[in-house]
Amino acid sequence: MTDRKPIAGAASEVRCDTRDGITDPGEKEEEEDGCTCVTEDLKGTRVIPSLQELEEVLHSAPRSCRHGDEVWPNLYLGDMSMSHDKLGLWQLGVTHVLNAAHGKLCCKGTDDFYGTTVKYYGVPANDLPTFDLSPFFYPAAEFIHQALTSGGKVLVHCAVGVSRSAALVLAYLMIHHRLSLLSATQHVQQKRWIFPNRGFLRQLIALDRKLLEEQLKLKHGQEQPIHTTLPI
C-alpha cells in the first residue's frame, strides 16, 4: 500500500496507485488486494478502495455492543436477539424484516413467525468468504427500498449483525442512494461497528466499480442499464 490516505478526500487527478508505481492518468486496472483505484466520476474523482484499505477503515471504527442500531432513517441493522424480540420490533414500528441468515437454526424467520403485520424476506447466506452474496445485492436492496418508500421501517439482521446483514445494507446504500462503498461504510460506522468477511468485501468492491462504470456510461449518454429486481 502507499502512504496516501484515500479516505481523507478525493485525488486531484485520475490515476491508480499500486505497490510498483503509478499508472498513466485514465488507465483502469483490475481490483487487487493492494491496489487503490482513483477514477473519474460525475463529480470528478472517486476512490475505489483496495481490500486492505477497506479493512483498515473497518478496523478504525469503535466497536458497539448493541443488539440493533438505526443506521439510516427507518433502517435498522441488528442481530438475532433483536430479530427475535417481536414485542420490541412492534414498539419500534418495524414493518419489514430482512433476514440475511435465513434457514439457520439460530435465526428464526418466516412469515408465520412475524405474522401478517410484518413482511419478511429471507436470504440464505453463509458467513463464509467463499459464499457469493452478490446475487442478493439487488433483490435485497429492492426489498429495503420498497419498504422505506412506502413509509415502513426495516430491520436487516443476521446472527451478529456485522457481516452478512451489514454487506446487504451497504449494497442498498450504494445502489439506491449512489453512495460509494467508502461513503456507505463510513456512514454506517457512525451508528454501528460492522465487518463483512473478506469475500463479501471483495464483492462489494466489485459492485462499487460496476456502479461507477454505469454512472460514467450515463454521463456520456450511453444507454441506461436495466436490472432485474425481485418482486415484493
Legend entry - Taking all pairs of distinct alpha-carbon atoms in the range 79-232, Kirkwood radius in angstrom: 16.0 Å
Legend entry - Subset of Lys108/Lys153; Lys104/Lys191; Lys191/Lys219; Lys86/Lys191 violating a 29 Å alpha-carbon distance limit: Lys191/Lys219
Legend entry - Intensity falloff of the range 146-222 expressed as log10 I(q)/I(0), Debye formula with alpha-carbon point scatterers, at q = 0.12, 0.15, 0.20 Å⁻¹: -0.37, -0.56, -0.91
Inset, instruction - Could you work out how far apart the two model spin labels at Ser150 and Ala206 are, taking each label as a point 7 Å from the Cα in the direction of the beta carbon, and quote it in nm? - result: 3.1 nm
Legend entry - Estimated FRET transfer efficiency when R0 is 30 angstrom, pair Ser60-Thr117 (beta carbons, to 0.05): 0.15
Inset, instruction - List every residue whose amide H lies under 5 Å from the amide H of Val160, counting only residues 5 or more places away in sequence or on a different chain, with H placed 1.01 Å from N in the peptide plane. - result: Met80
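Can you bin the range 49-148 into rounded, prolate or oblate? Criterion: square roots of the alpha carbon gyration tensor eigenvalues sorted a ≥ b ≥ c, rounded for a/c under 1.5, prolate for a/b above b/c, oblate for the rest.
prolate
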Inset, instruction - Could you list which residues have their amide H under 5 Å from that of Ile48, counting only those 5 or more apart in sequence or on another chain, with H placed in the peptide plane? - result: Cys37, Val38, Thr39
Legend entry - Cβ-based net charge around Val188, under 13 Å, with every Lys or Arg adding one and every Asp or Glu removing one: 0
Legend entry - Summed residue charge, Cβ within 14 Å of Ala100's Cβ, Lys/Arg positive, Asp/Glu negative: 0
Legend entry - Accessible surface, the range 68-119, averaged per residue in Å² (probe 1.4 Å): 52 Å²
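The values are calculated or read from the model by the stated rules, or taken from the named source; none is laboratory data. This structure is a prediction, so every number in the text was calculated from the model and none was measured. Cβ: placed from backbone, ideal geometry, glycine included. Neighbour counts: every protein chain shown. Ligands, DNA and RNA are excluded from the accessible area calculation, which covers all protein heavy atoms including side chains. Shrake-Rupley method; radii C 1.70, N 1.55, O 1.52, S 1.80 Å.
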